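Contents: one structure, followed by commentary.
The values are calculated or read from the model by the stated rules, or taken from the named source; none is laboratory data. Here the structure is a predicted model, which is why all the values come from computation and not from measurement. Counting neighbours? That spans all protein chains shown, and the Cβs are built from the backbone with ideal geometry, glycine included.
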């Protein structure tokens with residue numbers, strides 16, 4: 001089976017009229033959401049460290065660093081915007097644990113600023129790039145992640161290469177090589193979760209995918225079977241693979257339709273527990289002192305990823321279901337403030353966190369949770385969330401995503417620019433070029449923080 | 001066992017006086033050899049494609065592209081010099097199938113041009129960087145390569161990170177993070193062997209290792225167990241691992257002592273067959289018409305890597321033991337000219353190639369070969385090479401490496417510059433800075449090719 005070439009042919013041949021309007025709308029939701037996440041993280045210490053290390057090497061400033069005053073060459077912009085898009089763990093998620101936008105949109109906008117590309121062309125490139133990364137992901141899910149790979153990095157590079165290749169107008173042959181160049185650059189280990197390097201994976205995927213398309217455009221060669229060769233991606237980076245499942249319905253069924261947007265600023269696996277805690281708190285007007293004990297029952301993946309009982313930093317707090325539940329019960333929210341160092345070190349939150357217990361239950365779905373709260377007065381509250389807010393079954397509304405992006409942008413960009421940015425995203429198919437969007441992403445130079 | 005931290009501590013603490021002079025001499029041999037390989041490939045089509053794709057993004061031209069007139073920022077120079085160093089498959093090799101210099105020396109010289117570094121500091125950084133990449137390699141050899149990874153890429157990034165980290169003066173803690181950042185960037189699939197992408201691996205390792213050191217310098221974090229964590233490098237990228245073996249004798253036994261330099265312009269596994277053919281040809285004044293049949297008996301790895309019976313290009317010829325034997329018998333040499341498209345398509349070579357047969361024999365060592373030649377007059381010549389020229393047991397002399405580098409540089413750099421370059425390499429410990437070496441690597445601008 002010609003897996004790599006089949007995907008390349010799909011990307012080369014697919015015309016905008018073959019894509020349902022609903023997918024273009026998903027692309028706009030993804031765009032606004034990812035820009036909000038990146039702008040909100042623009043001054044995050046992870047981003048500051050990366051920018052300060054790499055700024056001496058920036059080329060011509062043709063591309064925007066979202067939410068920052070510096071400008072960079074396209075590959076550095078792809079790298080740093082991909083990093084900032086993922087650093088808050090607030091970006092979109094496919095059910096198979098891939099964050100589709102953080103590696104792909106930064107690559108597209110950097111290529112678009114470099115070469116000139118219309119909004120319509122960029123939306124189309126995103127739909128195809130996301131489809132490629134998600135379908136390669138389906139071929140190796142779940143064995144690939146189970147092996148220890150961070151799918152956002154290892155699959156994102158395919159998405160960025162496919163999207164940029166489409167934007168550059170590569171033919172089927174060059175797209176096949178671009179996907180091979182992507183395959184041989186795939187990297188990102190789950191060992192670094194909880195450190196700055198996790199978000200580097202998304203940035204690297206964006207930069208390396210863009211490079212794969214640029215190299216292939218010049219005739220740079222790779223394997224024509226980068227995915228399916230005996231020593232290709234699917235064999236070397238996964239203990240199991242199913243090409244037919246990954247290619248099934250290509251061009252008629254769209255994986256992007258499954259894309260989820262997060263209302264809470266942490267890994268999706270904790271969302272159902274947070275949702276249950278906030279709903280219980282609001283329904284019963286709970287205060288921390290009234291809570292004797294919290295018992296959550298959730299899918300075992302929650303423990304695999306977020307079992308940190310004593311987080312010491314905001315970032316570690318994102319990987320602690322115990323902190324997430326306690327902070328949600330104390331604050332009735334789970335935004336960036338609830339995953340700050342201050343909140344993780346808050347004595348009230350710590351005290352409640354130590355009264356939170358959790359139990360893995362394989363009969364509970366990933367986006368589902370049962371929470372039982374024992375009160376000091378002896379009452380017992382039980383709350384069941386069958387589908388967390390933001391799930392495929394209970395998606396965030398467009399207005400929710402807009403509100404989230406506005407909240408993330410506030411303090412980084414002036415209010416008028418945020419308005420213009422939101423409008424530009426919802427009307428992206430009418431934008432004459434990338435810069436008519438990215439011009440809203442640079443704060444006025446020399447403007448003090450806040 | 002603290003594997004990553006142990007290596008980081010070794011790099012942070014090791015002082016030049018703890019390194020035997022013989023290792024510094026190996027570093028100089030490696031330097032001259034790798035510069036020759038890169039300069040010889042400076043106008044290769046693989047390099048031309050990569051440079052043309054990436055030149056629009058070059059930053060400040062503080063670093064030299066070896067053998068070319070363009071200048072680039074340090075990361076792009078590391079990438080492109082690493083690529084050109086490996087493109088001819090003529091660079092050095094450790095017995096465990098790693099090419100130590102192509103990912104490490106380009107990173108060191110780029111960092112050296114960027115920050116300023118003495119020749120002595122760069123030699124020391126190379127010894128330590130090579131030691132780290134080779135010892136991580138020993139931990140996962142041979143399972144890692146058998147899985148399908150190209151060790152020059154996946155291990156080279158550790159070497160470049162360690163070497164650049166030493167050059168930047170990182171302490172043990174930051175070096176530990178640098179090795180983690182390296183681990184999570186490790187990539188390079190054997191599926192792309194025979195294409196332009198193979199040499200991209202060495203370049204990416206150089207660029208990404210340099211970036212790992214620069215990021216760690218700014219406090220960018222990673223796992224402190226990038227190598228040994230459950231979802232770290234050694235578990236995810238290898239089916240087996242032995243940390244104790246990799247760390248045994250660290251600082252007293254030097255893996256760099258095993259480094260081999262190639263007299264022939266192709267993979268090391270074919271060298272013994274080539275050597276045997278050239279020796280038989282020269283001893284018996286053989287001409288192609290006199291040869292009825294050639295039978296080679298060699299290690300099975302030769303067939304795994306170079307079983308192409310009908311190569312169509314010079315590059316494919318490097319992966320054909322049949323072509324290598326025929327070309328060596330026709331020309332008495334196996335340099336770049338014997339792996340050109342013209343030689344691969346030469347009817348005399350093709351005719352002889354089809355009379356070459358080869359047999360895998362697990363009792364024959366990797367650098368050993370038996371060749372039996374039946375002549376048209378009925379005579380039979382047998383030749384046994386127990387250790388190919390360039391092996392640890394039969395190393396190339398310094399003068400051989402110098403001669404090879406001069407031959408590779410001719411036509412790219414003026415003779416006077418090659419003289420200066422050779423002198424600078426042999427006296428590298430006295431160079432005040434990187435630029436007093438790299439100034440010899442740029443051809444005079446606007447000088448026509450040849």
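Among the residues of region A:252-267, which ones are within 13 Å of residue A:134 (Cα to Cα) and in a loop (DSSP other than H, G, I, E, B)?
Correct list: A:254, A:259.
Evaluate the following for residue A:352: is it at pLDDT below 95 and in contact with a helix residue (DSSP H, G or I) (Cβ under 9 Å, 6 or more places away or on another chain)?
No: the conditions fail for residue A:352.
Mind listing whichever residues of region A:182-220 are part of a loop (DSSP other than H, G, I, E, B), without any contact (Cβ under 8 Å) to a residue 60 or more places away in the chain and either more than 9 Å from chain B (Cβ to nearest Cβ) or buried (at least 24 other Cβ atoms within 10 Å of the Cβ) (or both)?
Residues satisfying the conditions are A:184, A:185, A:186, A:187, A:188, A:220.
Just give me the residues in region B:268-310 being part of a loop (DSSP other than H, G, I, E, B) and closer than 16 Å to residue B:330 by Cα, in sequence order.
Residues of region B:268-310 that are part of a loop (DSSP other than H, G, I, E, B), as a first pass: B:285-287, B:299-300, B:308-310.
Residues satisfying the conditions are B:285, B:286, B:287.
Whether any residue in region B:55-66 is in contact (Cβ under 8 Å) with a residue 24 or more places away in the chain and in a helix (DSSP H, G or I) is what I want to check.
Looking for residues that are in contact (Cβ under 8 Å) with a residue 24 or more places away in the chain and in a helix (DSSP H, G or I), one finds none in region B:55-66, hence no.
Taking region A:141-172 as the search range and keeping residues that are in a loop (DSSP other than H, G, I, E, B) and either in contact (Cβ under 8 Å) with a residue 60 or more places away in the chain or facing chain B (nearest Cβ under 10 Å) (or both), which one is nearest to residue A:111 (Cα to Cα)?
A:170
What about residue A:6, is it in contact (Cβ under 8 Å) with a residue 60 or more places away in the chain, surrounded by fewer than 24 Cβ atoms within 10 Å (Cβ to Cβ), more than 18 Å from the chain's Cα centre (by Cα) and away from every other protein chain (no Cβ under 14 Å)? Step through it out loud before you land on a result.
Working: in contact (Cβ under 8 Å) with a residue 60 or more places away in the chain: yes; surrounded by fewer than 24 Cβ atoms within 10 Å (Cβ to Cβ): yes; more than 18 Å from the chain's Cα centre (by Cα): yes; away from every other protein chain (no Cβ under 14 Å): yes.
When the stated conditions are applied, residue A:6 passes them.
Hey, residue B:437 hits all of (1) modelled with pLDDT under 95; (2) under 21 Å from the mean Cα position of the chain (by Cα) but one; which does it fall short on?
(1)
Can you find, within region B:234-244, the residue that is surrounded by the fewest Cβ atoms within 10 Å (Cβ to Cβ) among those that are touching a strand residue (DSSP E or B) at 6+ places or on another chain (Cβ under 9 Å) and more than 7 Å from every other protein chain (Cβ to nearest Cβ)?
Across region B:234-244, the extreme among qualifying residues is B:238.
For region B:269-282, enumerate the residues that are surrounded by fewer than 24 Cβ atoms within 10 Å (Cβ to Cβ) and either in contact with a strand residue (DSSP E or B) (Cβ under 7 Å, 6 or more places away or on another chain) or free of Cβ contacts under 8 Å to residues at least 40 places away in the same chain (or both).
Passing the criteria: B:279, B:280.
So residue A:73 fits all but one of (1) free of Cβ contacts under 8 Å to residues at least 12 places away in the same chain; (2) facing chain B (nearest Cβ under 10 Å); what number is the exception?
(1)
Within region B:380-411, which residues are touching a residue at least 40 places away in the same chain (Cβ under 8 Å) and more than 20 Å from the chain's Cα centre (by Cα)?
Selection gives B:381, B:383, B:384, B:385.
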